[in-house]
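Working notes, structure below.
The values are calculated or read from the model by the stated rules, or taken from the named source; none is laboratory data. None of the values given here were measured: they were computed from a predicted structure. Every residue, glycine as well, gets a Cβ built from its backbone with ideal geometry; the counts of neighbours run over all protein chains shown. SASA here: full protein model, heavy atoms, side chains in, ligands and nucleic acids out. Shrake-Rupley method; radii C 1.70, N 1.55, O 1.52, S 1.80 Å.
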Amino acid sequence: MTAIPLGVPEVPVRPIAERRVSRQIMVGPVAVGGGAPVSVQSMTTTRTSDIGATLQQIAELTASGCQIVRVACPTQDDADALATIARKSQIPVIADIHFQPKYVFAAIEAGCAAVRVNPGNIKQFDDKVKEIARAAKDHGTPIRIGVNAGSLDRRLLQKYGRATPEALVESALWEASLFEEHGFRDVKISVKHNDPVVMVAAYQQLAEQCDYPLHLGVTEAGPAFQGTIKSAVAFGALLSRGIGDTIRVSLSAPPAEEVKVGIQILESLNLRQRRLEIVSCPSCGRAQVDVYKLADEVTAGLEGMEVPLRVAVMGCVVNGPGEAREADLGVASGNGKGQIFVKGEVVKTVPESKIVETLIEEAMKIAEQMEQDGVASGEPAVTVS
Ligand code: SF4
């Protein structure tokens, strides 16, 4: 086999922006804020009391790259399941609590890595903040103050008329101040809204008014296509200003899809090492191959590849050779043939029917070489201001 001169693989050295300076909390072993890599979260859709199904879904989420998982806890049976789930989960578990302060204590006692409370249920929580702060401090359990437009504190709804950015921020900071009164600052905050414009404004205001780490989310973002776009636009707007320490993409779709989207958003912004990246042209009247089919087949053939590989799939010779040369690996198609490029050099020309298998074969060689050279995947590149 001919050795391929790979040189130093291109890794992101320049994230989209310097990160906002925030205090750091630990959600189990995952650092959030304080310059830690932006982490990706999701939430289970199973009944938490069904321990087997919940752990199965957590295992699937872990395999998809999820770093922190949240589970709902609306009943005593769910609360009773938390200890086993927290102990057996491979990733930190956050208990999501509404209305019932007793479940906050149960989650802390159960060893959950964090607890999310909703200030919209403020009457139920306000009187208990002192005890919650003490229990959380004793167990080293951080609290997420999770404000949601759909369940905003009634007092603030009356004051502002609707869930404005100002209302969301005031709700979050009010609740944080209650914890601060008891010397508890192991807190992260979210101010979610289903409208990315309102959500972005809320997080911007929040970022200016506190140094807590921020959990980004567009709530009820919708089905996969719409939710992906809303989340990408909103997270992109915020992360491009350095705002955001952990993210959850909310989709009406299986939770592993949320994780895929979240990871892709971070990779796109150079906040995480890119893995496989297919650079394929949209095709046009000049295309001399079926670019969609080719791109799909190459993507399927390389699925799961962990090394940061950029593969160009181009339909003709206009931009094809240029893009193929810039990538680790590429094909520029034309006249029933494909010129295969590796690191800018044409290594062979193959008939159209052999393009996919040749690209996959060459990709495997490059991946093997990268692994031998110790090119780590998944380590996000970060800078801290
Ligand atoms: S590479 Fe060629 S086929 Fe693809 S969009 Fe550009 S001009 Fe069209």
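Tabulated data
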{"read-out": "Options Gln56, Gln90, Gln100; residue that is at pLDDT 95 or above and either within 21 Å of Gly244 (Cα to Cα) or in contact with a helix residue (DSSP H, G or I) (Cβ under 9 Å, 6 or more places away or on another chain) (or both)", "value": "Gln90"}
{"read-out": "Residue satisfying all of: in region 276-328; at pLDDT 85 or above and among the basic types (Lys, Arg); nearest to Arg14 (Cα to Cα) among these", "value": "Arg310"}
{"read-out": "Failed item, numbered, when Thr246 is tested on (1) of a type in the set (S, T, N, Q); (2) crowded, with 22+ Cβ neighbours inside 10 Å; (3) within 15 Å of the ligand (Cβ to nearest atom)", "value": "(3)"}
{"read-out": "Selection count, region 29-68, where residues are β-branched (Val, Ile, Thr) and outside any loop (DSSP other than H, G, I, E, B)", "value": "8"}
{"read-out": "Region 228-249, residues that are part of a helix (DSSP H, G or I) and charged (D, E, K, R)", "value": "Lys230"}
{"read-out": "Region 224-243, residues that are open to solvent by 30 Å² or more (accessible area, probe 1.4 Å), in contact with a Pro (Cβ under 9 Å, 6 or more places away or on another chain) and of a type outside the set (A, V, I, L, M, F, W, C)", "value": "Lys230"}
{"read-out": "Test: residue in region 199-220 that is among the aliphatic types (A, V, I, L, M), closer than 18 Å to Val169 by Cα, without any contact (Cβ under 8 Å) to a residue 60 or more places away in the chain and open to solvent by 10 Å² or more (accessible area, probe 1.4 Å)", "value": "yes"}
{"read-out": "Test: Ala287 is on the phi < 0 side of the Ramachandran plot and near the ligand (Cβ under 7 Å from one of its atoms)", "value": "yes"}
{"read-out": "Checklist (1) among the hydroxyl-bearing types (Ser, Thr, Tyr); (2) touching a helix residue (DSSP H, G or I) at 6+ places or on another chain (Cβ under 7 Å); (3) more than 13 Å from the ligand (Cβ to nearest atom) applied to Thr299, failing item", "value": "(2)"}
{"read-out": "Which numbered condition Ala256 fails, given (1) out of contact with any Lys or Arg (no Cβ under 7 Å at 6 or more places or on another chain); (2) closer than 19 Å to Gly65 by Cβ; (3) not in a helix (DSSP H, G or I)", "value": "(3)"}
{"read-out": "Helices (runs of 4 or more DSSP H) completely within region 266-385 that count 2 or more residues being over 30 Å from Ala63 (Cβ atoms) and open to solvent by 40 Å² or more (accessible area, probe 1.4 Å)", "value": "320-326"}
{"read-out": "Residue check, Ile94 assigned by the TED database to the domain that holds Thr219, β-branched (Val, Ile, Thr), open to solvent by less than 50 Å² (accessible area, probe 1.4 Å) and in contact with a Lys or Arg (Cβ under 6 Å, 6 or more places away or on another chain)", "value": "yes"}
{"read-out": "Residues (in a loop (DSSP other than H, G, I, E, B) and at pLDDT 95 or above) located in region 13-28", "value": "Arg20, Val21, Ser22, Arg23, Gln24, Gly28"}
{"read-out": "Filter result for the condition that a residue is more than 26 Å from Arg310 (Cα to Cα) and in the same structural domain as Pro213 (by the TED database), over Leu239, Leu251", "value": "Leu251"}
{"read-out": "Output for region 304-340, where each listed residue is farther than 16 Å from Glu362 by Cβ, more than 15 Å from the ligand (Cβ to nearest atom) and either free of Cβ contacts under 8 Å to residues at least 40 places away in the same chain or not charged (D, E, K, R) (or both)", "value": "Gly304"}
